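Taking it in order: structure first as structure tokens, then the write-up.
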Amino acid sequence: MKRIFAVTLFFCLCAHIHARALRSPHSASMSVPARPEAGRPFIRNYNPREFGAAFNYWAIAQDQRGVMYFGNWNGVLEYDGVSWRLVSTPNRSGVRSLAVDANGRIYVGAVGDLGYLAPDSVGELRFVSLLDHVQPENREFNEVWYSYATSQGVYFRTDKILLRWANNRMQAWKPHTAFSGLFVVRDRVYIQQWGIGLLELVGDSLHITHAGGRFAHERIYAMLPYVDEKILVGTREQGLLLYDGVSFQTLQSDPSATKFLRENQLSHGAVLRDDTFALATMRGGVAIIDQNARLVKILDKAAGLQDHDANFVFVDREGVIWLAQGRGIARVETDSPLVIYGETSGIKDFVSSILRYKGALYVATGLGVFYLPTESTPTNSSLLAQREHAQEFRPVAGITAQCWYLLAAGQSLLAATNDGVYQIRGEQATFLKESVADSFFSMSLHRSQKNPSRVWVGLRDGLASLRYEAVTSKWIDEGRISGIHEPIWSIVENNEGVLWLGTEAQGVLRISSLPGNHSATLRNENQKIERFDARHGLPKGWVGVYPTRTRTIFTSDRGLFRFDRTTNKFFPDSTFGSMFADGSRDIEVVSEDQQGNIWLGSEEAAEINRALRQPEGSYLPETGSALRLAKTAIWAIYSELDSAHPRTSSAVWFGGPEGLLRYDVNFPKRETQVYPALIRRVIILQEGAQDSTIFAGAMPENTGGDFPILAYAHHALHFEFALPSFSDESANQFQFYLEGFDQNWSAWSKASQKSYTNLAEGDYRFRVRARDVYQRESAEAVYALRILPPWYRTVPAYLGYAAVAGASLLGWRRYDLRRQKKKAEYQRRAKELEEAHQLQLSMLPQQIPQLPHLELAAYMRPATEVGGDYYDFHTGEDGALTVALGDATGHGLKAGTMVTAMKSLFIALAQEPELAQFFKQANHALRRINLRQIYMTLLLARISGPRLVICGAGMPPVLIYRAATRHVHEIDFKGMPLGSVPEFSYEQRKLELSPGDVIMLMSDGFTERFNPRGETLGYELAKTVLAEAAQQTAQDIIQRFVQAGEAWGSGSPLNDDTTFVVIKVKK
């Protein structure tokens, strides 16, 4: 919001002021109207372009591990929350149906084929055809449109034949005409036959159901379990019916539901966790109906779907809806307390304040004030009518300026805007106090507790007062408070009548001893104005003030603060949780609900938190809440009263730059399954193995029983892992621990892969665990393996050494000569090492480029005489700067050799226009050089003007500090080390830079440095150091990192080379 208001002031005031919008009022909570305000659920659309797959999806399934499977045009697409894998059929035909049996096996119905998925020898899922088990005369079929797993076996239905696979035997039923549909309800099998009707499979025979002939010429699209052992039957022409085993009765449904299903062509159905029904259509998305066939919700493009059609609807084990669509896949969280109101709801700009007034919900936005009426649509009207009328916010006429605050003062609804203060009556607003030549630019409002007829108005350059005169029913402009010139964004009044004022960048103001005679105040008589800023413990920048029942809370970019009256100082406030006082996140707005819980919204951290009030008065930060899904900047919070229980909240509204959110406080919390972390792939990086993948993730991870035994030459390994949690895959985090190598668990990070090189012989157990967006921790996944020693460290070799030792006793007279030779050899090698060290230093740039728009600094410290780290610069003829930072595997002469080769390649290829092409050629060259088990991880960054292009191969994430948001972003690459894998496709990313931005490139020697307790430093500390040092020079930033590493290591020697390159965009 600071950036939006800065632009506003630039055009409206020609002043460089960053604004901080005031939040929704706390004094005017209203009860919730009876009419539902549905909003739209959180929808995640998976477009095939994102993961390089085909369009057109027909089937969905989920295995026991939580992994999702989708049938599309090219086969079965497997998704584990990190990566997508395609399992093709032999003829690469489309997959029309999927089913999962009680043992977790995935069965597949394809075009002209059928079968199941099974892991091969290394755990890679493969399609296994059952076509050979079908009698030759029954193999002439096309699409297998339906597959179902039952207790009697697995059924496959085509137009020409019904097949059942059970006990390694395929049984077939042929129709007299053609089959249509296949449904399994309570383990009973139903199928249609054209010209006959609805049949049931009883034993091994098909029998017409009672009254089933009515479907001889009309297709059934859904048969779903209903209450009282009945079955809900969905058709396009006859509508919805109930079948009790004897007859079919029309379900008396909402006419709008019948109309919707008929016009939009019903295609499929599923039962949801709350016993409602999701009915998919070909033209209108999905209709959700209750057991009385009333429309509850419609999921279509207006609600956020990427397409109108829905071929298949699936409900996963967490109760979430997945849709198979023509343009991709959709995941819909209908069973969630959090819903969104955006452009489709009439909210077309940011929301800075929220208030319910006389039943209608009002929101202040960048385009004026909008409201959601309650009386336009009767509560018993159809959902379609509500969608057309009641669910859209409407503009309040008369206001077009940006609005920052709404306040209910008696019978008046006031709005603070750029153009002054308005009074709103229903759908119309009129000026209460106009801002002539920006003289009354209003940003906040507060109704006085001492004199309720008075309203304090926070201006961009001071504080003013308006007073309502009951005798004349008019508002009186009482003028400004003299001595105040700061922009006032928030106002709080305590029980003693003392005002606290929050400002943009001047700390806070306290006004006390205000007289009852306001005219005296305006003349600057008997008033006391105190200013508090960094000298009193407040952070620099904006500070907001918000009330609670017990005291005033102060918000800032560095979290919460409290005021100590005895010292007149401010201190970090950890009352609601230590994370809100440690400076790690900003707090933009605070609101207390009717139960005394504290809601906290952040802008830069883009999160909502709630601190739950405990019976003894303390607070406990809430975990595992759906609030974690709201990853958006929050500028306003408004808590509503429950009309049935006036002392409790029913809903909390949140506003921000992306619109409006509503959180249902009373939504029942459901226990959901936390799936275990999965090890998805284990790869040998060295050459020599017939197949570099030794585990592909489809089999259960081994825990130490039967584990692979690897030759010593295969001692460089790469692990990939995943968590099948889909609420927000980008928020999933992982910890890993290689027993036998790592000293402790890694820090939590979003990285889903890890490589190890130069592992010694021994037994290893790679362990990984994960946590999802709700901070729920998964069970561990474990993969055990053994690396054999080299031949010269085996028992036969040691026996040979003993024989040699015995023989050497006989030649003791030659000992001195050999010792002298060894000494000479040692001196020779020491000299070679020194020469290699000097050679390595010569590989580094002799001077750092001096560029007008960039400030550069570099640092390298090897862990041995000859390290494996390398950095370099190249300035092109067009002025573009290319920066290289790499890390060769291991240390010593071998690593130095790789660095020398990399230096040559950089000189030869630095002018390559595309960085990805550089990596492709360098990878090819290093494999041809064949340095044998020596590889190079590398990161290239090219800056041309404001454009940054990055490409990486196995290097740690790049840290980018954004000056505009003062936030550090982590850019990660999944590329394999150069020289390890042939024809690997490296990705590159393009970003825009702004003045003050800082790019930090580093080798893994910094983040993986151990402290005396065996803990690694980690990326979170690196991000914290960068955020704190980003305002300094590039050289000083490096010095801060060096100091942080030394402080962490506490004097212990380096366990790996450490290299930094800092690029700072000059202001």
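Of all the residues in the stretch 167-202, those that are among the hydrophobic types (A, V, I, L, M, F, W, C), within 20 Å of Gly112 (Cα to Cα) and surrounded by fewer than 16 Cβ atoms within 10 Å (Cβ to Cβ) number 2. A residue that is surrounded by fewer than 22 Cβ atoms within 10 Å (Cβ to Cβ), modelled with pLDDT of 90 or more, under 24 Å from Ala626 (Cβ atoms) and not polar (S, T, N, Q) occurs somewhere in the stretch 256-271.
Can you tell me which residues in the stretch 926-971 are modelled with pLDDT of 90 or more, at positive phi and polar (S, T, N, Q)? Within the stretch 926-971, no residue meets the criteria. Summed over the stretch 49-62, the residues that are surrounded by 19 or more Cβ atoms within 10 Å (Cβ to Cβ) and closer than 24 Å to Lys750 by Cβ give a count of 2. Quick check: anything in the stretch 450-470 closer than 21 Å to Glu588 by Cα, among the aromatic types (Phe, Trp, Tyr) and touching a Leu at 6+ places or on another chain (Cβ under 8 Å)? No, the stretch 450-470 contains no residue that is closer than 21 Å to Glu588 by Cα, among the aromatic types (Phe, Trp, Tyr) and touching a Leu at 6+ places or on another chain (Cβ under 8 Å).
Taken over the stretch 409-431, the criterion of being crowded, with 21+ Cβ neighbours inside 10 Å and either under 35 Å from the mean Cα position of the chain (by Cα) or part of a strand (DSSP E or B) (or both) is satisfied by Ala409, Leu413, Leu414, Ala415, Ala416, Thr417, Gly420, Val421, Tyr422, Ile424, Ala429.
Meeting the requirement of 3 or more residues that are more than 25 Å from Leu629 (Cβ to Cβ) and touching a Phe, Trp or Tyr at 6+ places or on another chain (Cβ under 8 Å), the strands (runs of 3 or more DSSP E) wholly within the stretch 32-119 are 95-100, 106-110, 114-119.
Taking residues in the stretch 74-96 that are at positive phi and crowded, with 17+ Cβ neighbours inside 10 Å, and partners anywhere that are of a type outside the set (A, V, I, L, M, F, W, C) and assigned to a strand (DSSP E or B), not one pair has Cβ atoms closer than 6 Å while being at least 6 places apart or on different chains. Scanning the stretch 525-538 for residues that are free of Cβ contacts under 8 Å to residues at least 40 places away in the same chain and closer than 16 Å to Leu509 by Cβ returns Lys528, Glu530, Arg531, Phe532, Asp533, Ala534, Arg535, His536, Gly537, Leu538.
Against the condition part of a strand (DSSP E or B) and either touching a Gly at 6+ places or on another chain (Cβ under 9 Å) or not small (Gly, Ala, Ser) (or both), how does Ile484 come out, does it pass? Taking the combined requirement at face value, the residue does not satisfy it. The set of residues from the stretch 986-1021 being surrounded by fewer than 20 Cβ atoms within 10 Å (Cβ to Cβ), within 18 Å of Ser755 (Cβ to Cβ) and small (Gly, Ala, Ser) comprises just one member, Gly1018.
The single residue among Ala863, Ala857 that is at pLDDT 85 or above, of a type in the set (Gly, Ala, Ser) and either within 19 Å of Gln911 (Cβ to Cβ) or within 40 Å of the chain's Cα centre (by Cα) (or both) turns out to be Ala857. The set of residues in the stretch 321-333 that are surrounded by fewer than 23 Cβ atoms within 10 Å (Cβ to Cβ) and in contact with a strand residue (DSSP E or B) (Cβ under 7 Å, 6 or more places away or on another chain) comprises Arg331, Glu333. The residues of the stretch 564-578 that are buried (at least 20 other Cβ atoms within 10 Å of the Cβ) and farther than 22 Å from Asn597 by Cβ amount to a single one, Phe570. Residues of the stretch 462-477 that are touching a Ser or Thr at 6+ places or on another chain (Cβ under 9 Å) and not hydrophobic (A, V, I, L, M, F, W, C): Gly462, Ser465, Arg467, Tyr468, Glu469, Asp477. Residues in the stretch 279-323 that are out of contact with any Phe, Trp or Tyr (no Cβ under 9 Å at 6 or more places or on another chain) and within 17 Å of Lys230 (Cα to Cα): Asn292 alone.
Within the stretch 1002-1020, residues that are under 12 Å from Ser749 (Cβ atoms) and assigned by TED's automatic domain parsing to the domain that holds Ala941 reach partners that are part of a loop (DSSP other than H, G, I, E, B) and of a type in the set (Asp, Glu) with beta carbons closer than 6 Å, at six or more positions or on different chains, in the pairs Thr1016/Glu1008. Can you name every one of the strands (runs of 3 or more DSSP E) wholly within the stretch 968-1067 that holds 1 or more residues which are over 25 Å from the mean Cα position of the chain (by Cα) and among the basic types (Lys, Arg)? Answer list for the stretch 968-1067: 1058-1065. Selection of strands (runs of 3 or more DSSP E) fully inside the stretch 677-778 by the criterion of at least 2 residues being at pLDDT 90 or above and closer than 22 Å to Glu1020 by Cβ returns 717-722, 733-739, 753-756, 762-771. With the condition kept exactly as written, say whether any residue in the stretch 909-916 is surrounded by 15 or more Cβ atoms within 10 Å (Cβ to Cβ), within 30 Å of Leu1021 (Cβ to Cβ), in the same structural domain as Asp1057 (by TED's automatic domain parsing) and in contact with a helix residue (DSSP H, G or I) (Cβ under 9 Å, 6 or more places away or on another chain). Checked the stretch 909-916: no residue is surrounded by 15 or more Cβ atoms within 10 Å (Cβ to Cβ), within 30 Å of Leu1021 (Cβ to Cβ), in the same structural domain as Asp1057 (by TED's automatic domain parsing) and in contact with a helix residue (DSSP H, G or I) (Cβ under 9 Å, 6 or more places away or on another chain). Summed over the stretch 340-364, the residues that are assigned to a strand (DSSP E or B) and either of a type in the set (S, T, N, Q) or farther than 16 Å from Ile298 by Cβ (or both) give a count of 12. Would you be able to say whether some residue in the stretch 996-1008 is farther than 25 Å from Trp1048 by Cβ and modelled with pLDDT of 90 or more? The answer is yes; a qualifying residue exists.
Within the stretch 203-229, if we keep just the residues that are under 49 Å from the mean Cα position of the chain (by Cα) and hydrophobic (A, V, I, L, M, F, W, C), the residue that is surrounded by the fewest Cβ atoms within 10 Å (Cβ to Cβ) turns out to be Val227.
Of the residues making up the stretch 1040-1064, those that are within 18 Å of Leu885 (Cβ to Cβ), crowded, with 16+ Cβ neighbours inside 10 Å and not basic (Lys, Arg) number 11. Whenever a residue of the stretch 848-861 is touching a residue at least 60 places away in the same chain (Cβ under 8 Å) and more than 25 Å from Val899 (Cα to Cα), its partners that are of a type in the set (Val, Ile, Thr) and assigned to a loop (DSSP other than H, G, I, E, B), lying with C-beta atoms within less than 9 angstrom and at least six residues away or across chains, give the pairs Glu855/Thr1033.
Apart from one condition, Lys160 fits all of (1) part of a strand (DSSP E or B); (2) without any contact (Cβ under 8 Å) to a residue 24 or more places away in the chain; the exception is (1). Which members of the stretch 876-899 meet the condition of being at pLDDT 80 or above, in contact with a Ser or Thr (Cβ under 9 Å, 6 or more places away or on another chain) and either in a helix (DSSP H, G or I) or among the aromatic types (Phe, Trp, Tyr) (or both)? Correct list: Met898 only.
The values are calculated or read from the model by the stated rules, or taken from the named source; none is laboratory data. For clarity, every value in this text was computed on a predicted model and none was experimentally measured. Neighbour counts run over all protein chains shown; Cβ positions are idealised from the backbone, glycine included.
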